[in-house]
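Take a look at the structure below.
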Amino acid sequence: MVRWLKVIRKYFPNEPIDIPLGNGEDVQTDGVDRTAVAVAAAAFAPIGIRSTHAGFNRNLYPQAYWFYKRMAPMAHSSGESFGTEPPGGDFTYSETQRAVFEAACAGANLIYQYYQNYHKTPAPGMTPHIIDDYKAALRPYELPLVDIGILFPTSQMMLDLGAHPDGQLQFCASGRSYFDYDLVDENMIEWNQLNRYKVLLQTSGTIFRDSTFPAVNTWLTKGGFLVTKGLPRWHDLDGNEKQSLVWLRHEDTAASDNLARTGASGVHVFHVGKGTIYAIDAPDMPAYLSAVVPVLSSLSSVTPLHGFKPVDDGTWMTEFPDGKLVCDSKTYATKFVPAR
């Protein structure tokens, strides 16, 4: 990609460039290192990253937003545009509404669109207004406020040759009713991007690169909150798990018992400097999510968490500096609620 961009910039030094990153999977051995692409592309500004995944909302666990949040954080951090692309032709009007909402929540300022979609209407005979939908929802000069990161286990993915982290699509699809999120991979952790988040949720993965451990430990000791599925008995590529053994020396049983009384059963609390680890015993993702929500509720009573709400009220929500974008999860009707 860098080689091609050098050629393009030689002849078109100032033309905006749009890089589409597709595929419905994230197999690391295929070279799908999305955050590295974003960082490398930044040297060729003006440039943007485009996620072509809106059609994957038709899967068992809708995953377009997962892909947006896999790419958008580093695109924004690198000073690039971030864009989205829906399918053309067989998209329903309802699906375009969801695409508009999710593009806005990812901070999109570039929309690749197909002409067929401009003719979609809510009902026969009504005037098309997809452009009005975009104008009402998109906030191209604002970035969403997100305090919750979800760990993308890059090293584990490479070793497993998997398309997605185990259980993460299900967790993110169901968890969207309660919280907004970004995906945080090991590149981002190494590049100090973890400091942007108050909470890091782990869904899978036990093997991480050497640089991940000191970065997570520093973030924890400064006051970060790490929530894990099971005890974080993590180790590096050589099998060394000294760091996790240090984290798990002393359990705060009183804090664990207090959480159990709020509905967060099977939670083990460990303090690391000013930060805290919440290790949750859960047999599957639904049970894990059912414990994660009360843990986040207890945290939000101490430190506000942007993008989190403790109950599923039938909406999805993303916060911006001047208000909230709210979408009905059944009808996909979207509205912006200004901050008071």
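Checking the condition within 14 Å of the chain's Cα centre (by Cα) and of a type outside the set (A, V, I, L, M), which residue from 133, 180 passes? Let's see the steps before the verdict.
On the way: 133 fails: within 14 Å of the chain's Cα centre (by Cα).
Only one candidate qualifies: 180.
So how many residues does the range 55-66 have that are closer than 20 Å to residue 166 by Cα, at pLDDT below 95 and either acidic (Asp, Glu) or in a helix (DSSP H, G or I) (or both)?
Matching residues across the range 55-66 total 3.
Say whether the condition of being outside any helix (DSSP H, G or I) and among the polar types (S, T, N, Q) is met by at least one residue in the range 13-28. First the steps, then the outcome.
Restricting attention to the range 13-28, the residues satisfying the condition of being outside any helix (DSSP H, G or I) are 13-27.
Going one step further and asking which of them are among the polar types (S, T, N, Q), we end up with 14, 23.
Yes - at least one qualifying residue is present in the range 13-28.
For the range 228-266, what are the residues that are surrounded by fewer than 17 Cβ atoms within 10 Å (Cβ to Cβ), at pLDDT 90 or above and among the β-branched types (Val, Ile, Thr)?
Matches in the range 228-266: 246, 253.
Within the range 42-54, can you find the residues that are aliphatic (A, V, I, L, M) and either buried (at least 22 other Cβ atoms within 10 Å of the Cβ) or assigned to a strand (DSSP E or B) (or both)?
So the first thing to find is which residues in the range 42-54 are aliphatic (A, V, I, L, M), and the list is 42-43, 45, 47, 49, 54.
Within the range 42-54, 47, 49, 54 meet the criteria.
Would you confirm whether or not the range 174-181 contains a residue that is in contact with a Pro (Cβ under 8 Å, 6 or more places away or on another chain), surrounded by fewer than 18 Cβ atoms within 10 Å (Cβ to Cβ), within 26 Å of residue 289 (Cα to Cα) and outside the structural domain of residue 24 (by TED's automatic domain parsing)?
From the range 174-181, those in contact with a Pro (Cβ under 8 Å, 6 or more places away or on another chain) are 174, 178, 180; that's our starting set.
Narrowing the set further to residues that are surrounded by fewer than 18 Cβ atoms within 10 Å (Cβ to Cβ) leaves 174.
When the remaining residues are screened for being within 26 Å of residue 289 (Cα to Cα), the result is 174.
Filter once more, keeping what is outside the structural domain of residue 24 (by TED's automatic domain parsing): 174.
Taking every residue of the range 174-181 in turn, at least one turns out to be in contact with a Pro (Cβ under 8 Å, 6 or more places away or on another chain), surrounded by fewer than 18 Cβ atoms within 10 Å (Cβ to Cβ), within 26 Å of residue 289 (Cα to Cα) and outside the structural domain of residue 24 (by TED's automatic domain parsing).
Is one or more of the residues making up the range 150-173 under 27 Å from residue 313 (Cβ atoms), of a type in the set (D, E, K, R) and in a loop (DSSP other than H, G, I, E, B)?
no
Across the range 102-120, which residue is surrounded by the fewest Cβ atoms within 10 Å (Cβ to Cβ) among those that are modelled with pLDDT under 95, part of a helix (DSSP H, G or I) and not hydroxyl-bearing (Ser, Thr, Tyr)? Quick ask: steps written out before the conclusion?
To start, the set of residues in the range 102-120 that are modelled with pLDDT under 95 comprises 109-120.
Okay, now just the ones that are also part of a helix (DSSP H, G or I), so 115-119.
So of that shortlist, the ones also not hydroxyl-bearing (Ser, Thr, Tyr) come out as 116-117, 119.
Working: 116: 12, 117: 20, 119: 9.
The qualifying residue surrounded by the fewest Cβ atoms within 10 Å (Cβ to Cβ) is 119.
Quick test of your reading of the structure: residue 196 fulfils all but one of (1) crowded, with 20+ Cβ neighbours inside 10 Å; (2) under 14 Å from the mean Cα position of the chain (by Cα); (3) more than 21 Å from residue 291 (Cβ to Cβ). Name the failing condition by number.
For residue 196, the failing item is (1).
Within the range 131-143, is there a residue that is exposed (fewer than 15 other Cβ atoms within 10 Å of the Cβ), at pLDDT below 90, in a loop (DSSP other than H, G, I, E, B) and in contact with a helix residue (DSSP H, G or I) (Cβ under 7 Å, 6 or more places away or on another chain)?
Within the range 131-143, not a single residue is exposed (fewer than 15 other Cβ atoms within 10 Å of the Cβ), at pLDDT below 90, in a loop (DSSP other than H, G, I, E, B) and in contact with a helix residue (DSSP H, G or I) (Cβ under 7 Å, 6 or more places away or on another chain).
Report, by residue number, each residue of the range 219-235 that is out of contact with any helix residue (DSSP H, G or I) (no Cβ under 9 Å at 6 or more places or on another chain) and either at negative phi or not assigned by TED's automatic domain parsing to the domain that holds residue 166 (or both).
221, 228
The values are calculated or read from the model by the stated rules, or taken from the named source; none is laboratory data. None of the values given here were measured: they were computed from a predicted structure. Cβ sites come from the backbone with ideal geometry, for glycine too, and all protein chains shown count toward neighbours.
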